[in-house]
1. Do we find that GLN240 is touching a Ser or Thr at 6+ places or on another chain (Cβ under 9 Å) and modelled with pLDDT of 90 or more in this structure?
2. Scanning region 28-50 for residues that are basic (Lys, Arg) and under 26 Å from LEU132 (Cβ atoms), which turns out nearest to ligand 2 (Cβ to nearest atom)?
3. Could you say which residue among VAL25, VAL53 is among the β-branched types (Val, Ile, Thr), in contact (Cβ under 8 Å) with a residue 24 or more places away in the chain and away from ligand 2 (no atom under 16 Å from the Cβ)?
4. With open to solvent by 40 Å² or more (accessible area, probe 1.4 Å) and either within 20 Å of SER185 (Cβ to Cβ) or more than 16 Å from ligand 2 (Cβ to nearest atom) (or both) as the only criterion, which of HIS140, HIS128, HIS72 stands out?
5. Need the failing condition index for GLN119 against (1) at pLDDT 95 or above; (2) over 19 Å from PRO215 (Cβ atoms); (3) not in a helix (DSSP H, G or I), just the number.
6. Can GLU196 be described as over 17 Å from GLN122 (Cα atoms) and under 18 Å from the mean Cα position of the chain (by Cα)?
7. What pairs come out if I take residues in region 235-260 that are among the acidic types (Asp, Glu) and pair them with residues that are open to solvent by 30 Å² or more (accessible area, probe 1.4 Å) and at pLDDT 95 or above whose C-beta lies under 6 Å away, six or more apart or interchain?
8. Can you name every one of the strands (runs of 3 or more DSSP E) wholly within region 1-98 that holds 3 or more residues which are out of contact with any helix residue (DSSP H, G or I) (no Cβ under 9 Å at 6 or more places or on another chain) and of a type outside the set (Phe, Trp, Tyr)?
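The values are calculated or read from the model by the stated rules, or taken from the named source; none is laboratory data. None of the values given here were measured: they were computed from a predicted structure. FYI the Cβ positions are ideal-geometry reconstructions off the backbone, even for glycines, and counts take in every protein chain you see. Heavy atoms of the whole protein, side chains included, go into the accessibility calculation; ligands, DNA and RNA do not. Shrake-Rupley method; radii C 1.70, N 1.55, O 1.52, S 1.80 Å.
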Amino acid sequence: MGPKLTDFEVLATIGSGSHGTVHKVRRRYDGQVLVWKELNYGAMTEVEKQGLVMEVNLLRELRHPNIVRFQHHIVDRRATTLYILMEYCPGGDLGRLVSRCRQTSTFLEEGFIWRVLSQICQALKVCHDRNLHHGRLVLHRDIKPANVFLDSEGRVKLGDFGLARTLNSEASFATTYAGTPYYMSPEVMQGRDYNERSDIWSLGCLVYELCALHPPFQASTHRDLAAKIREARYDSIPIQYSCQLKEMLALLLTYEDYLRPSALTVLHHASLVANTSGRS
Ligand code: ADP
Ligand code: MG
């Protein structure tokens, strides 16, 4: 039998997200600390609910050191709520880290930025490999600092997986992108299908933001943002960062999706840079 809600003790509320609240919990029988994310499916259509079930099944299969580990799910039918239990990342998310840096006017170390880049690529390499998921590709669709976490050892973990896709009815798409979609790729902006290279574009935006402490393309309206992304021009990152990092950014932010590198190619480039500069 699967776990029950009463098997867990709620320790604290971590925060509220767009789809529900995240709590830190302790499993009573072994004391393990996890988080659970509440998702109310009461207003979902049958099709959306089926999508959610499929997604949970997929998440269960994603076992990778750089992906926030999904543990169980619990359904509370009376409250029409799905609880997703997952690994707790005590280092918090990179969105908070970036705002802390902005507030204190400090920049992140380049070595840290390369580590984030390569560890997210390790995760994406697995997600984007059809052979590992019964011929399906797992697209993250919402790579941004707030969805990248740090564990107690400083390991980088891609999280908030697939929920963006599961809730991908037109209505929830609208809520997902209710804010300005700073990280949206040119092809998605043009109304073309999201593909694995769209994740790479978003990764480029994330790496840029880790350097500059703001996204590469900014505007106050969707239309102005679309225009900026179409021009594909962005200000140079702060001067203390290396040419190799700038070149990497140019690769990730390649306008045409078919010319943009895959996660595997990015890893090759990053390891070459590490070898020639003595970085590990
Ligand atoms: P959003 O819907 O805005 O993406 P989330 O529901 O993903 O928000 O997260 C809400 C809050 O919970 C955020 O502060 C996030 O950092 C935190 N959080 C989410 N997942 C985890 C986790 N596995 N470990 C630690 N904190 C988490
Ligand atoms: Mg999130």
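1. Taking the combined requirement at face value, the residue does not satisfy it.
2. This residue is LYS37.
3. VAL25
4. Of the residues listed, the single one that is open to solvent by 40 Å² or more (accessible area, probe 1.4 Å) and either within 20 Å of SER185 (Cβ to Cβ) or more than 16 Å from ligand 2 (Cβ to nearest atom) (or both) is HIS72.
5. Condition (3) is where GLN119 drops out.
6. no
7. ASP257/ARG197
8. Of the strands (runs of 3 or more DSSP E) lying wholly inside region 1-98, those with at least 3 residues that are out of contact with any helix residue (DSSP H, G or I) (no Cβ under 9 Å at 6 or more places or on another chain) and of a type outside the set (Phe, Trp, Tyr) span 8-16, 21-27, 33-40, 81-87.
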